[in-house]
Amino acid sequence: MRFGLFALLVSALALGQVSTPTPERQQALLDLLHQDCGSCHGMTLQGGLGPALLSSALAGKSEAMLAGTILNGRPGTAMPPWSRFLSREEADWLVTQLKYNPPRFNDATRP
Amino acid sequence: MRNFIRFFSGRYPIGLVLLAVLSQTLLAEPRGTGDIGLVVERATGNLTAINTTSRRAVGKITGLGDLSHASLVYSPDERYAFVFGRDGALTKVDVLENKIVKRVEQAHNSVGGAISQDGRLIATSNYDPGGVRVFSAETLEKVADIKAEYGEGQLARVVGLVDAPGQKFVFSLFEAGEIWTADLHDPKNPKIQKFKAGKEPYDALISPEGRYYIAGLFGEDGLALLDLWNPDAGIRKIVPEYAKDDPKLPVFKMPHLEGRALIGDYWFLPAVGHHELLVIDRREWKVVRKIALDGQPVFVIPRPDERQIWVNFALPDNDRLDVIDTRDLAVVRRLTPGKAVLHMEFTPKGQEVWVSARDDDRVLVYDTENFRELARLPADKPSGIFFTSRAHRLGL
């Protein structure tokens, strides 16, 4: 996992395309969001130990601040820093998705 | 004679219908549920029923909603499971028939639940609205609503809810830093006792005999201990000193305390934010040893005969399982079941362990004596695994 990510970062840098993650990487980021961020924020991001990350909840919050929170965490709270797993660009991409293109969660789960 | 023929044919072949029903009842093998388990498939909102004797999937129950962080408890007859969904739904599932019996949306955001000592009440542990709600196990009708009020009418999120002897539920209030006990002898009028516990209790366990309730604290070092045989003594803060020297690492997944590894006089507990297991002597509640690991432990579960302890890990080390031999406290085996190993469950006598590997979409069965893989079952993003034998264990 760590090495795979590292390799991906290196190859992305080598190609000079760091702004938008590849489609595969986007899928991996969304999986991370639902599964691993989801263990605190809820798999459908409606909140848990961490607050809701729904677009309505994040409206009005600065993107730089939110991306900074993802990368550096919030000391003194349960929010950990994700910089060893995510690049700046990937955090920005996640914030954009959360705010403007809320990942719709598999509707099949609704009873 | 003509009547007899009409009985089996014609527009209303009542006889045939009766025969069909009768043969169904007569041919269906009666069976027990003692070797049945449920695997939570968190992404699709399904449960897969498995049989630990045949090591096969034997049923699928669909439509349970958001099952991230879902858990479940069993009725005393091991026939029904009560499933606590993240979205606040409480679902009663028949594990003989593999179907949903009843489902209520009881809160907006929920994190688990418990079944009372007598099996008649189900309690849910809710984040929103913060509190505990109590339901009839039979009908899922609400019988009590315990609001987790603190400060000036705020509601705290409730974690670490367990059942305890004396028809009690015990739980912790994250923001309030409190532990409450609720006596439900009179279900409509729960008797509540409140204790100051410490900063941000995040999960808790009850010792297997039901005497000690121990809450892990996120906001400070150490654990809060309540002796339920002697509640008037209040909370005792234990092992606050364990992490003074080395700084805490970021925690990518909160440890779970439910494994409650108590072996002889020693508790084995995950240290939050450290690559360690703490070994605590329960006679003095002191850390007597730390077992160094290569990751942050999440579940720490003893094999039922106590000869081994199995540990899984938080990101980025969540592709492994370590097995500790309790004779010398050394890691004797490392297994790599797959990506994102979320949970493991032992058969009641411990000869096998079932393990979920979420990101590889599979459940693996290991022989715990020689660590051979015995079976591998496909499952959709599996997380928790729950065997019916939990029905008879306090606090699970």
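Observations on the structure shown:
- Basic side chains Lys and Arg get +1 at the Cβ, acidic Asp and Glu get -1 at the Cβ, and with that the dipole of the protein assembly as shown about its Cα centre reaches some 1040 debye.
- Between the range B:255-279 and the range B:115-147, the C-alpha centres lie 29 angstrom from each other.
- 10 °C / 1.306 mPa s Stokes-Einstein diffusion coefficient of chain B, Kirkwood radius on C-alpha pairs, µm²/s: 72 µm²/s
- Cα-based shape type of the range A:22-109, given that a ≥ b ≥ c are square roots of the gyration tensor eigenvalues and the cut on a/c is 1.5: rounded
- Solvent-accessible ranking of B:W354, B:W229, largest area first, probe 1.4 Å: B:W229, B:W354
- Rounded accessible area of A:M43 (nearest 10 Å², 1.4 Å probe): 0 Å²
- Accessible surface of B:K168 - all protein chains present, 1.4 Å probe, nearest 10 Å²: 60 Å²
- Sequence of B:Y266, A:Y100, B:Y80, B:Y74 from largest to smallest accessible area, 1.4 Å probe: A:Y100, B:Y266, B:Y80, B:Y74
- Rg and Dmax of the range B:109-238, based on Cα coordinates, read 13.5, 42 Å.
- Just the protein heavy atoms count here, and of the accessible area of the range B:243-396 at 1.4 Å, carbon and sulfur take up 46 percent.
- Whole-Hz couplings from phi, Karplus 6.51/-1.76/1.60, listed for the range A:37-49; x for Gly and Pro: 5, x, 5, 10, 9, x, 4, 9, 6, 8, x, x, 5
- Compared with the dominant principal axis of the Cα atoms in chain B, helix B:14-27 is inclined by about 40°.
- For the range A:17-55, residues shielded by at least 40 square angstrom of accessible area compared with the chain on its own, probe 1.4 Å: A:Q35, A:D36, A:S39, A:M43, A:Q46, A:G48, A:L49
- Taking all protein chains together and a 1.4 Å probe, the residues B:T181, A:T22 rank A:T22, B:T181 from largest to smallest accessible area.
- The range B:149-193 and the range B:298-341 have Cα centres lying 32 Å from one another.
- Accessible-area value, B:L223, 1.4 Å probe, nucleic acids and ligands omitted, Å²: 20 Å²
- Taking the convex hull of the alpha carbon positions in the range B:53-95 and averaging its projected area over all directions gives 3.6 nm².
- Inter-chain Cβ neighbour average for residues B:306-316, partner chain, 10 Å: 2
- Residue among B:N189, B:V300, B:V93 farthest towards the positive dipole end of chain B, charges placed on Cβ: B:V93
The values are calculated or read from the model by the stated rules, or taken from the named source; none is laboratory data. Here the structure is a predicted model, which means the values were calculated and not measured. Using ideal geometry, Cβ is built from the backbone for each residue, glycine included, and neighbour counts are taken over all protein chains shown. We work out accessible area using only protein heavy atoms, side chains counted, and drop any ligands, DNA or RNA first. Shrake-Rupley method; radii C 1.70, N 1.55, O 1.52, S 1.80 Å.
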